[in-house]
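In what follows, a single structure is set out as structure tokens and then discussed.
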Amino acid sequence: MSTDKKCGACSDKSCAAKGKRPNERDEDFKERQALSARMCRIQHKVMVLSGKGGVGKSTVAVNLAAALAAAGKQVGLLDIDIHGPSVPKMLHIEGAPVSSTDDTLHPVKVSIGDGAIHVMSIGLLLSARDDAVIWRGPRKYGVIKQFLKDVEWGELDYLVVDSPPGTGDEPLAVAQLIEKADGAVIVTTPQEVAVQDVRRCVVFCRQVSLPVLGVVENMSGFVCPKCGERSDIFGVGGGRAMAEEMDVPFLGAIPIEPAVVLSGDSGKPIVQSHPHSITAEAFGRIVRMLLEPQPAGHHGKPECH
Ligand code: ADP
């Protein structure tokens, strides 16, 4: 087999055309090339991570994807929270059929204004909504590889990946499989116990050479819809202080807003259902920061364009 074959999607010889690695089996080399061919057609890959569950990581992933789609970008959303996929519910596509051709799965398309998000989630492939998945590391790695390699993502500007909380097998698999991801958006709440977990996320990113795009402080204060008074239920500013301390960008704060829960439960991201809410505006600012060009030499530049 030729060792300088290009991936077929780009003209960059340094891409999948890096050639066969020493002792790499033909089968593994072919798989790696197929994965590169798929990933080369996606310009930006962004992982959404959190140190612990319940801080609003999926909410942030869904709303970032929706805000990017609303900004005219071609967007994919991959939910690899194998043990608790919540993206199908948040986008009202639970039970939506996933079509396939040969070995290729087609993502489910969710319209957002004039744009769309192309979604794939383990939750779409489970036969019953309440099915639990008990998989160990290697199996999870295989499934995540399939999601990246065998899903017909097409040409995308952004692929947003919603990872399970923590720094376990799933984010590690994505970090290893996507050779040059743009980086991670890390979601926290302001209280110290959550912020401590985020420090671990930042360390994880450094260990796997995944740039930290920035920290989002979710549930940052509550503005009473009746009286307009602001209460800092979980405190405020912990995420920003931690970002400064760890020398990573702070992307913004999102308040607690009851409409977020309603929109999550009813399947419409808040940036779509309440585009003028404080929360939607906060997401708009975060997306604008992400869309700003990265400084030269930034690791996250696309590998094949
Ligand atoms: P995680 O992915 O971190 O486990 P989720 O995104 O599933 O967290 O959010 C957990 C719950 O908190 C959901 O019911 C969601 O609607 C709610 N939630 C998340 N962010 C906010 C917010 N800013 N305001 C109000 N509720 C929120």
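Here are some notes:
- Within the range 205-229, the set of residues being under 26 Å from Ala280 (Cβ atoms) and free of Cβ contacts under 8 Å to residues at least 24 places away in the same chain comprises Cys224, Lys226, Cys227, Gly228, Glu229.
- Checked against (1) at pLDDT 90 or above; (2) surrounded by 12 or more Cβ atoms within 10 Å (Cβ to Cβ); (3) outside any helix (DSSP H, G or I), His298 passes all but condition (1).
- Selection count, the range 46-59, where residues are surrounded by fewer than 24 Cβ atoms within 10 Å (Cβ to Cβ) and in contact with a strand residue (DSSP E or B) (Cβ under 9 Å, 6 or more places away or on another chain): 3
- Residues located in the range 239-274, provided they are open to solvent by less than 50 Å² (accessible area, probe 1.4 Å) and touching a Pro at 6+ places or on another chain (Cβ under 7 Å): Gly239, Ala243, Ser263
- Count - residues of the range 241-265 that are over 22 Å from the mean Cα position of the chain (by Cα) and more than 12 Å from the ligand (Cβ to nearest atom): 3
- Some residue of the range 60-71 being open to solvent by less than 60 Å² (accessible area, probe 1.4 Å) and either at positive phi or touching a Gly at 6+ places or on another chain (Cβ under 7 Å) (or both): yes
- Test: residue in the range 146-165 that is within 16 Å of the ligand (Cβ to nearest atom), free of Cβ contacts under 8 Å to residues at least 24 places away in the same chain and open to solvent by 10 Å² or more (accessible area, probe 1.4 Å): no
- Residue within the range 154-168 that is modelled with pLDDT of 90 or more, assigned to a loop (DSSP other than H, G, I, E, B) and at positive phi present: yes
- All positions within the range 3-37 that are within 20 Å of Lys145 (Cβ to Cβ), at pLDDT 65 or above and open to solvent by 40 Å² or more (accessible area, probe 1.4 Å): Lys20, Arg21, Asn23, Arg25, Asp26, Glu27, Asp28, Lys30, Glu31, Ala34
- Lys268 being farther than 22 Å from Leu91 by Cα, in a loop (DSSP other than H, G, I, E, B), at pLDDT below 95 and basic (Lys, Arg): no
- Some residue of the range 74-86 being assigned to a loop (DSSP other than H, G, I, E, B), more than 16 Å from the ligand (Cβ to nearest atom) and of a type outside the set (Asp, Glu): yes
- For the range 179-222, a residue qualifies if it is assigned to a loop (DSSP other than H, G, I, E, B) and more than 16 Å from the ligand (Cβ to nearest atom), and the qualifying residues are Glu179, Lys180, Ala181, Asp182, Val208, Ser209, Leu210, Pro211.
The values are calculated or read from the model by the stated rules, or taken from the named source; none is laboratory data. These numbers were taken from a predicted model, which means no experiment stands behind them. Note that each Cβ is placed from the backbone with ideal geometry, even for glycine, and that neighbours are counted across all protein chains shown. All accessible areas refer to the heavy atoms of the entire protein, side chains included, with ligands and DNA or RNA removed. Shrake-Rupley method; radii C 1.70, N 1.55, O 1.52, S 1.80 Å.
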